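Participant: I am attaching a structure below and will ask some questions about it afterwards.
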Amino acid sequence: MTDDTDEQRPVGADPVTAAELSVPADEPQYDCAYCDRVFARERHRDLHRGQAHPDRVGESAAAAYRGAVESERESLVRYRYVALGALVVLYFGFLVAFAVVGV
Amino acid sequence: MARLGRGVAVAALVAGAATPAGVGRVLAHSGGLRGAAPESLSVPVWLFLATGGGVIGASFLLASFVTDRAFVDRLDAWRGPRLPLGRLANAAGRLFGVAALAVALVSGLLAGSVTPLAPERNAATLIVWVGWWGVVVASTYLVGDTWRTVDPFRTVASVVPTLDRDYPASLGAWPAAVGVLGLVFLEVVTPMADDPQLLATVVAGYGVVAVAGWVVFGPAWFGTADPLARLAAAYGRIAPLTRTADGWRLRLPGTGATETAWVDGRDQAAFVVAVVYATTYDGFVGTGLWETVASSVVGWGVPPLGAYLALLAGGFGVFYGGLALSGRLARRTAATFLTPTALVRRFTPPLLAIAAGYHLAHTLGTTLTLLPTTLAVAVSPLSPPAAVPTLVVPGWFGAVGITSVLGGHLLAVWIAHTIAYDTFPDRLQAVRSQYGVTVVMVAYTMVALWIVTTPGGAPPFV
């Protein structure tokens, strides 16, 4: 913060460093072979390898990445249904609340 | 502002401001939240608060539907044309800042003898509360960090030699955080808003500290420790214009806050929380709840100043504690090995958008009303016109307050979304990492909305 401009750094300019991780010994951990990030879920690690080191991953890691992308996509679809449900409940909840006590 | 009574509408402010006495009251407690809500609510308070919180929750859900990484990155990385700003404009800005400081100091210190004592006719109160707090500070998040150029303390300091000692890393941004809280404390417990002489003394004292900081530590003082320079730089991250080596550059509002690397520890996070909390504190001391609490605490023999100080520290602790808890929660919900501190530090910058929303909600009406007054008085501080001009702000303007509070929160939700995508490889993990910070934002909003709608008065015992 002592520099004289706040010149833009590119996106991803705040990478996670090893010092920012605390890995409990008794939990499964998935290491990235190309950097020092450690993940608690296999899918997170596989996605990270494909996104952060696309040029370095081997065939098996690339296959794992594709599988993780598919699994992530399915999870997101499920999440969207839940989120949409929550929005509907929120919307009609307020609609009813305003109709009953408002105005 | 506190003295205007309950749930002050901007419309009511304007009505009050039309008379000279009203202007003084408008100037009082310019730092708080009161004044941002509509005059009367047609729905129960709990529903109003729940709706405010619900809007934040709903916007978090809506933002989470945007799952296109490339789109999120593109918005974040978008840069418009460069706007070269000549040396002449810079010099003009510096000169303007120093001239305004000089006029404010002279007319403040000589108030009662040479210049008028009444705050609404004295250039010191008008320049500080309307010119600086209303216009310059608002411009730091609406335009860009203008204060870096206008800052008269920096300009004065730059002609003084410096020892250029190493700024102690362990101090970090703590002086800035304590400074922001200290200034709002002074504003609440002293008649600084009404008393030009006291105000000018505080400004002069601040200037002495700033120049002394420069003499010892050089540019590091303004970059790290000086509260007002840090406030403007932090707000500047929300702004659509950013300073680059060769002039200003356009970007989307808020995208400066997605670069989280500058919040490199608890000190910087505490500074941001201090900025958010300062307005809440100033609003809370005017509520009936605080009057009740303060009355009983003072009844037990605690000095009033002690009670105010305890509230300042305790409330800040609650705000910061909530954020720290959200970091712990994020570690669990996102299934990540990032430490809570690392998570807190990444999710702190969005709060700046919230603080900017509060600031605009609070100051815009007053600033517009008193801007003509300020200009008229600032050009002839020794003998201001007998009838000071004011701008009559239309009644619908009250809606701007609520809109900017909510707008700040919506921007904060989007900034947090971008940061989460930047940090986590899994998009569902990114969404889940924001649960904690979203709860914190909902809580901050509801507190802020409660303050603006609750019956308020002058802070008791001070």
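Participant: Please verify whether residue B:443 is over 16 Å from residue B:356 (Cα atoms) and within 20 Å of the chain's Cα centre (by Cα), treating the condition exactly as stated.
Facilitator: On the way: over 16 Å from residue B:356 (Cα atoms): yes; within 20 Å of the chain's Cα centre (by Cα): yes.
Judged against the criteria, residue B:443 is a match.
Participant: Return the residues of the stretch A:1-34 that are modelled with pLDDT under 80, more than 20 Å from the chain's Cα centre (by Cα) and of a type in the set (A, V, I, L, M, F, W, C); say none if nothing qualifies.
Facilitator: Within the stretch A:1-34, just A:1 meets the criteria.
Participant: Another question about this same structure. Which of (1) buried (at least 16 other Cβ atoms within 10 Å of the Cβ); (2) more than 26 Å from residue B:131 (Cα to Cα); (3) without any contact (Cβ under 8 Å) to a residue 24 or more places away in the chain; (4) not β-branched (Val, Ile, Thr) does residue B:261 not meet, given it meets every other one?
Facilitator: It is condition (1) that residue B:261 fails.
Participant: If you don't mind, there's one more thing I want to ask. Give me a count of the residues in the stretch B:57-77 that are under 19 Å from residue A:87 (Cβ atoms), of a type in the set (A, V, I, L, M) and touching a residue at least 24 places away in the same chain (Cβ under 8 Å).
Facilitator: Looking only at that region, the number is 2.
Participant: Given the conditions (1) part of a helix (DSSP H, G or I); (2) more than 21 Å from the chain's Cα centre (by Cα), and given that residue B:210 satisfies all but one, which numbered condition is not satisfied?
Facilitator: (2)
Participant: Answer yes or no as to whether residue B:247 is under 24 Å from residue B:155 (Cβ atoms) and at the interface with another protein chain (Cβ under 9 Å from one of its Cβ atoms). Give the derivation first.
Facilitator: Numbers: under 24 Å from residue B:155 (Cβ atoms): yes; at the interface with another protein chain (Cβ under 9 Å from one of its Cβ atoms): no.
No.
Participant: Oh, and also: Mind checking which residues of the stretch B:334-352 are part of a helix (DSSP H, G or I) and either within 13 Å of another protein chain (Cβ to nearest Cβ) or in contact with a Lys or Arg (Cβ under 9 Å, 6 or more places away or on another chain) (or both)?
Facilitator: Residues satisfying the conditions are B:340, B:341, B:342, B:343, B:344, B:345, B:346, B:347, B:352.
Participant: Tell me which residues, restricted to the stretch A:39-56, are buried (at least 19 other Cβ atoms within 10 Å of the Cβ) and over 30 Å from residue B:62 (Cβ atoms).
Facilitator: Selection gives A:49 alone.
Participant: Out of all the residues in the stretch B:264-295, which are modelled with pLDDT of 90 or more and either within 13 Å of chain A (Cβ to nearest Cβ) or closer than 30 Å to residue B:91 by Cβ (or both)?
Facilitator: B:267, B:268, B:271, B:272, B:275
Participant: Output the residues belonging to the stretch B:213-229 that are more than 8 Å from chain A (Cβ to nearest Cβ) and at negative phi. Before the answer, list the steps.
Facilitator: Keep residues of the stretch B:213-229 that are more than 8 Å from chain A (Cβ to nearest Cβ), which gives B:213-218, B:221-222, B:225-229.
Of everything in the stretch B:213-229, those that are more than 8 Å from chain A (Cβ to nearest Cβ) and at negative phi turn out to be B:213, B:214, B:215, B:216, B:217, B:221, B:222, B:225, B:226, B:227, B:228, B:229.
Participant: From the set of residues in the stretch B:158-184 that are in contact with a helix residue (DSSP H, G or I) (Cβ under 6 Å, 6 or more places away or on another chain) and of a type outside the set (A, V, I, L, M, F, W, C), which is farthest from the other protein chains (Cβ to nearest Cβ)?
Facilitator: It comes out as B:179.
Participant: Quick one: in the stretch A:69-92, which of the residues that are within 8 Å of another protein chain (Cβ to nearest Cβ) and among the small types (Gly, Ala, Ser) is farthest from residue B:66 (Cα to Cα)?
Facilitator: A:86
Participant: Next question, about the same structure. Evaluate the following for residue B:292: is it surrounded by 15 or more Cβ atoms within 10 Å (Cβ to Cβ) and either farther than 22 Å from residue B:174 by Cβ or in contact with a strand residue (DSSP E or B) (Cβ under 8 Å, 6 or more places away or on another chain) (or both)?
Facilitator: Here the answer is no, as residue B:292 does not meet what is asked.
Participant: Could I ask something else about it? Scan the stretch A:86-103 residue by residue and report those that are β-branched (Val, Ile, Thr) and assigned to a helix (DSSP H, G or I).
Facilitator: Going through the stretch A:86-103, the residues β-branched (Val, Ile, Thr) turn out to be A:88-89, A:96, A:100-101, A:103.
If the condition is that a residue be β-branched (Val, Ile, Thr) and assigned to a helix (DSSP H, G or I), then A:88, A:89, A:96, A:100, A:101 are the ones that fit.
Participant: From (1) more than 22 Å from residue B:212 (Cα to Cα); (2) outside any loop (DSSP other than H, G, I, E, B); (3) free of Cβ contacts under 8 Å to residues at least 40 places away in the same chain, pick out the condition that doesn't hold for residue B:125.
Facilitator: If we test residue B:125 against (1) more than 22 Å from residue B:212 (Cα to Cα); (2) outside any loop (DSSP other than H, G, I, E, B); (3) free of Cβ contacts under 8 Å to residues at least 40 places away in the same chain, just (3) comes out false.
Participant: Kindly indicate which of B:179, B:205 is part of a helix (DSSP H, G or I), modelled with pLDDT of 95 or more and within 23 Å of residue B:145 (Cα to Cα).
Facilitator: The conditions single out B:179.
Participant: So which of A:63, A:83, A:68 is surrounded by fewer than 14 Cβ atoms within 10 Å (Cβ to Cβ) and either at pLDDT 90 or above or in a helix (DSSP H, G or I) (or both)?
Facilitator: Every option except A:63 fails the conditions.
Participant: Within the stretch B:71-88, identify whether any single residue is part of a helix (DSSP H, G or I) and closer than 25 Å to residue B:229 by Cβ, and answer yes or no.
Facilitator: yes
Participant: Can we say residue B:66 is touching a helix residue (DSSP H, G or I) at 6+ places or on another chain (Cβ under 7 Å), assigned to a helix (DSSP H, G or I) and β-branched (Val, Ile, Thr)?
Facilitator: Here the answer is no, as residue B:66 does not meet what is asked.
Participant: Taking residue A:41 as the residue in question, decide whether it is at pLDDT 95 or above and either of a type in the set (Asp, Glu) or within 16 Å of the chain's Cα centre (by Cα) (or both).
Facilitator: It is false that residue A:41 is at pLDDT 95 or above and either of a type in the set (Asp, Glu) or within 16 Å of the chain's Cα centre (by Cα) (or both).
The values are calculated or read from the model by the stated rules, or taken from the named source; none is laboratory data. This structure is a prediction, so every number in the text was calculated from the model and none was measured. In this analysis, Cβ positions are derived from the backbone assuming ideal geometry, glycine residues included, and neighbour counts consider all displayed protein chains.
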